[in-house]
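The block underneath contains the structure these notes are about, expressed in structure tokens.
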Amino acid sequence: MDKLEIIPLGGIGEFGMNCMGIRYRDEMIVVDAGMGFPEETPYGIDISIPNFDFLEEYRDDITALFLTHGHEDHIGSTPYFLKKFNVPVYGSGLTLAFVEEKLNEHGIL
């Protein structure tokens, strides 16, 4: 029996780091790649990003990154995600314009 797997990588029970894998058969899409903004952190830690290591197992199955909107808690870790996974990115024109700036900052556009 085929099943749909929904795999939260962040954003559950907290503000920020929104990221979710959705897998069906041998294909997976990732929805959002956000960052978090810890309120109480060790000195020098300003942001947190989802742990994308889990997705390494599904590297060949990931077909795209879908971004729901342009807030940092949904797009903030996109450059880090794209450094690991070379997939197309989909979103609204405004969201993709925000991401384009981030990618330029990271030198990976």
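The values are calculated or read from the model by the stated rules, or taken from the named source; none is laboratory data. For clarity, every value in this text was computed on a predicted model and none was experimentally measured. Methodologically, a virtual Cβ is constructed for each residue, glycine included, from the backbone with ideal geometry; neighbour enumeration extends over all protein chains shown. Keep in mind that these areas ignore ligands, DNA and RNA; they rest on the heavy atoms of the full protein, side chains included. Shrake-Rupley method; radii C 1.70, N 1.55, O 1.52, S 1.80 Å.
A P(r) calculated from all alpha carbon pairs of the chain, with 10 Å bins opening at zero, reads 15, 47, 30, 7, 1 percent. Among N51, L65, G76, whose Cα sits farthest toward the positive end of the charge dipole of segment 17-108 (+1 at Cβ of Lys/Arg, -1 at Cβ of Asp/Glu, about the Cα centre)? The listed residue farthest towards the positive side: L65.
Taking the DSSP bridge list for the chain and keeping only pairs wholly inside it, about 65 percent are antiparallel. GNM, the chain, Cα, under 10 Å: largest mean-square fluctuation among F81, F54, F37? Of F81, F54, F37, the most mobile in the Gaussian network model is F54. For the pair H106 and F66 in one chain, pulling the backbone fully straight at 0.36 nm per residue adds 12.4 nm over the alpha carbon distance. In the chain, the longest principal axis of the Cα atoms and the axis of helix 93-105 are about 60 degrees apart. Heavy atoms of the protein chains alone define the surface here; on that basis segment 46-109 has 56 Å² accessible area per residue at 1.4 Å probe size.
Taken over segment 55-109, the ratio of Cα radius of gyration to 2.2 N^0.38 Å equals 1.09. In the elastic network of the chain, a GNM with C-alpha springs shorter than 10 Å, the most mobile of V99, V30, V87 is V87.
Taking the 1.4 Å solvent-accessible surface of the chain as the whole, the part contributed by carbon and sulfur is 53%.
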